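Working notes, beginning with the structure itself.
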Amino acid sequence: MTETALREGGEEPAVGARWQRAAARGKVRGTTKYVADLPVPPCAQVAVYRSTRPHARILAVDVTQAAALPGVQAVVTGQDLFALLGERLLTGPAFADQPALAYDRVRYVGEPVAAVLARDLATARAAVDLIAVEYEDLEPVYDVETALKGEFFVHDVLRPSSVFGDLSHLRGKRDTNVCYEYNLRTGDVDAVPTDGVTTVSGEFWSPPVAHVPIELPCTTAWVEDDRLEILTTTQTPSYVRQAVADLLDLPLNKVRVRTSVLGGSFGSKMYDRLEPLAAALAWSQQTAVRLVATREEAFLLTTRHGAGVTSSMSADADGNIVAATADVAYDTGAFADVGPRITAKSGMVAAGPYRVENAWIRSRCIYTNKPSAGPFRGFGVPQVTWSHESLVDELARELGEDPAEFRRRHLLREGDEAPMGTVMHSADFVGCLDAVTDEIGWTTPYEKGEGRWRRGRGVAVGMKAVLTPTIANAVIQLNQDGSATLMISTVDMGQGSDTIMPQIVAEVLHLDEGSVRVVAADTDTTPYDTITAGSRSTYHTGNAVRAAAEKMRDKLVDLAAQRLGVAASDCKVTSGGVMSTTAQETVSISDLMHGHFGARGTTLTAEANFTTSWQPYDHETGRSRQVTEHWFAGAVAVEILVDTMTGRVKVEQLAVAGDVGRAINPTLVEQQLTGAAIMGIGHALFDELVFDQGQIVNGTLLDYQLPSVRDVPAKLTAHVIESAHRTGPFGAKGVGETGILAIAPAIANAVRDAVGVRITRLPLSPERVLEAMTEAGVS
């Protein structure tokens, strides 16, 4: 990692400094206010009746007994809302396919059908138990294999929403469970000669998993002075405001959405979660409502996509990778959510971060009768990385080459064109690979063991594109005393945006740690931001913040030039204020603003926008010269032990590296890399949502296994690689997802090294490992 140099005059720079995480003390002491802690008007408590059928037509909903229960204020059904709102009831970022309450059909076990508003939660829940629904069962579609047969359909027709304009051509399409398909064609895989070519192939499976943030989803909505106020746990306040305005046919200035710091999310609090239902109830009943998901309900709100990948990779006699294929099937559940974006953004990297002359990729987003899948840390890329990093490892072994060196020889480098047609920049895969292999002593001989415990090493590399195009805005209010307020709609959910954005401001304006405060996202005061997700904020919002800070700097320079009677080019901002190099005089910000406005407590404001662009995929080839604004590059190396008697895998050492361009705050970068790695260990070894006829059977924390401190490797090391991005804020880009991309294949490759079996289905549970060893005759 680059050492942070002192600024002119011996000042400590803000960018590159290890500033303390904002609100760290409050979180440790329990004084930080999350959404559920903030004051709201007296509310009706909401409980939801949920479907018991995976796929059925709703014939009747009897709420008579529920409505008669003392303390119940109202019982609202999907048919009630549909009568009021019509097809506006259907929301969703990609397709308008998700009703706040089901009104004609239910499409998964647990789908909301009716809502009870009561004076307290116990009464609301008791009333839910009194609701009776009559169904006519329809044939369910439990998995992607059944869905692709096209015998039964989850939806009658595709309804693209207005959010993603590139899906409009799908409007009205019928008789399909495939809501989106992305195809990549580079070269011609069928023309690759077979003589002297070594090919490996496999069928890989990544199961759906749950997000499980500590904080549960919570939405409160109320009407105030003919406006709808919403306080909610969301990563997407700007989206929620627009979605609710569309739902209720209101102008945007009649919808206000606020949030606070989030207690984790990982993608679970995006787009349409509790907000459409809470908004519809509050507006239709003209009362304040509070809707809080239980832990069990949170398992039903969204999951990570289960994904199957049938893939192959080929090398010629010289060991050059000449072809890669992948047929990817994402199980998006009953509603598309953002599945089409995941399908394309991950499908385009399914060949891996390698120089591949010929590639054939098909990536499909497929409806099934299960809870909706949505964004999850990695945005679908870990599922395809599981495939290509297992294949490239096996190909190296088939060729008799070292798996790390084989990767190193074929990794994309600066200026190379990736299979999807975009040229690589600021993606130091080789630097990441070298860092992790050096850390675990990859080339150092070690004893694999012959007894019960077998030792192995594995390595894997990950590649992901940042979400593009997106929009970010920033407003800086500089106070007369030299402190500043930053208004952005980026939501801090643990990633540290409330820390690094002030560092960017402070770097430009030479302010001290603690002098810049971030305002919590509030659509009445903070400007539009596309989304807080996909590790986009450091680059996108960071660029908007830097531009706003530079405009503020220019304003200060102009004021100082006027005051001192010198040219603006003669002035510069320093830690002491604005200095004239000719007059050798420095005016503090406080004096400068007081002199200009003639009053104390005044403010100076600057704002900026940062918008990225892209070139849409070619319809025939799926290629684009500008598919993304920047890349995430990462690598993982592990040393593990396998218990040959039980199949248990124990990760003893793990090294993770990520290219961040430039680390705004190295401590936060290291924490993001290690946190992502620990989450990835869970996905590799035991995280899995288990379904039985469409119903989750382990949807409680008693049954769903998560990583604990005992699963953390004895040695876990994060390496920060800095390959500055030419248009990043001070060269920076995001890192929140980089560390998770390659964890599972690195561990599986180590299992292959230890006991000689290639496992293609996650998780690597003791039962699965032991079964693979038994089938291979390993003892």
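Data table
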{"quantity": "Portion, in percent, of the accessible area of region 211-301 that falls on carbon or sulfur, probe 1.4 Å", "calculated": "49"}
{"quantity": "Rounded accessible area per residue of the chain, 1.4 Å, Å²", "calculated": "37"}
{"quantity": "Between region 733-758 and region 674-714, the alpha-carbon center distance in angstrom", "calculated": "16"}
{"quantity": "Rounded Å value of the spacing that divides the Cα centres of region 343-363 and region 500-578", "calculated": "39"}
{"quantity": "Kirkwood hydrodynamic radius of region 44-140, from inverse mean 1/r over distinct Cα pairs, in Å", "calculated": "13.6"}
{"quantity": "Accessible surface ranking that places the most exposed of THR31, THR530 first, with a 1.4 angstrom probe", "calculated": "THR31, THR530"}
{"quantity": "Phi-based couplings in Hz for region 639-645 (Karplus 6.51, -1.76, 1.60; Gly and Pro marked x)", "calculated": "10, 10, 10, 10, 7, 6, 8"}
{"quantity": "Cα radius of gyration and Dmax for region 211-301 (Å)", "calculated": "12.5, 37"}
{"quantity": "Candidate aspartates and glutamates - alpha carbon under 18 Å from LYS173, same-chain residues fewer than 8 apart omitted", "calculated": "GLU87, ASP97, GLU151, ASP156, GLU181, ASP337"}
{"quantity": "Cα point-scatterer Debye curve for region 642-779, base-10 log of I(q)/I(0) at q = 0.10, 0.12, 0.16, 0.20 Å⁻¹", "calculated": "-0.42, -0.58, -0.88, -1.12"}
{"quantity": "Accessible area, probe 1.4 Å, largest first, for residues TRP614, TRP442, TRP453, TRP631", "calculated": "TRP453, TRP614, TRP442, TRP631"}
{"quantity": "Proximal charge balance of ALA633 [Cβ under 9 Å; K/R count +1, D/E count -1]", "calculated": "-1"}
{"quantity": "Between region 27-74 and region 588-627, the Cα center-to-center distance that results, in Å", "calculated": "40"}
{"quantity": "Cβ-based net charge around PRO42, under 15 Å, with every Lys or Arg adding one and every Asp or Glu removing one", "calculated": "-1"}
{"quantity": "Amide H within-cut-off set for TYR180, under 5 Å, with H built and near neighbours excluded", "calculated": "CYS365"}
{"quantity": "Per-residue HN-Hα couplings for region 254-261 [Karplus 6.51, -1.76, 1.60; θ = phi - 60°; Hz; x = Gly/Pro]", "calculated": "9, 10, 10, 10, 10, 9, 9, 4"}
{"quantity": "Rg to Rh, two decimals, where region 156-265 supplies the alpha carbon set and Rh follows Kirkwood", "calculated": "1.18"}
{"quantity": "Proximal charge balance of LEU433 [Cβ under 10 Å; K/R count +1, D/E count -1]", "calculated": "-2"}
{"quantity": "Kirkwood-type radius of region 561-649, with distances r between different C-alpha atoms, in Å", "calculated": "19.9"}
{"quantity": "Cross-link partners of LYS650 among lysines (Cα-Cα below 30 Å; sequence separation of 8 or more within a chain)", "calculated": "LYS448, LYS464, LYS715"}
{"quantity": "Share of Cα-Cα pairs in region 638-686 lying beyond 13 Å, as whole percent", "calculated": "65"}
{"quantity": "GLU389 accessible area, 1.4 Å probe, all protein chains in place, Å² to nearest 10", "calculated": "0"}
{"quantity": "By accessible area with a 1.4 Å probe, ligands and nucleic acids excluded, highest first: order of GLU275, GLU414, GLU447, GLU11", "calculated": "GLU447, GLU414, GLU11, GLU275"}
{"quantity": "Share, in percent, of DSSP beta bridges within the chain that are antiparallel, nearest 5", "calculated": "80"}
{"quantity": "Overall Cα dimensions of region 371-416, principal axis frame, Å, largest first", "calculated": "44, 29, 12"}
{"quantity": "Heavy atoms of LEU701: accessible area, 1.4 Å probe, square angstrom to 10", "calculated": "90"}
{"quantity": "HIS719 long-range amide H proximity, modeled H, under 5 Å", "calculated": "VAL656, ALA657, GLY658"}
{"quantity": "Solvent-accessible surface (1.4 angstrom probe) belonging to MET579, in square angstrom, nearest 10", "calculated": "40"}
{"quantity": "3J(HN,Hα) from dihedral phi, region 472-479, Karplus parametrisation 6.51/-1.76/1.60, rounded to Hz, x for glycine, proline", "calculated": "9, 9, 8, 10, 10, 10, 8, 8"}
{"quantity": "Mean residue ellipticity (222 nm) of the chain, computed from DSSP H runs ≥ 4 via -39,500 (n - 2.57), nearest 500", "calculated": "-8000 deg cm²/dmol"}
{"quantity": "Kirkwood Rh, Cα atoms: Rg over Rh of region 354-485", "calculated": "1.11"}
{"quantity": "For q = 0.15, 0.20, 0.23 Å⁻¹, Debye-computed log10 I/I(0) when each Cα of region 503-602 counts as one equal scatterer", "calculated": "-0.71, -1.04, -1.21"}
{"quantity": "Amide H contacts of THR303 (H built 1.01 Å from N, under 5 Å, at least 5 apart or other chain)", "calculated": "ALA373, GLY374"}
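The values are calculated or read from the model by the stated rules, or taken from the named source; none is laboratory data. Keep in mind the model is a prediction, meaning the values are calculated, not measured. As a convention, Cβ positions derive from the backbone with ideal geometry for all residues, glycine included, and neighbour counts pool all protein chains shown. Note: accessible area is taken over every heavy atom of the protein model, side chains too, but ligands, DNA and RNA are not part of it. Shrake-Rupley method; radii C 1.70, N 1.55, O 1.52, S 1.80 Å.
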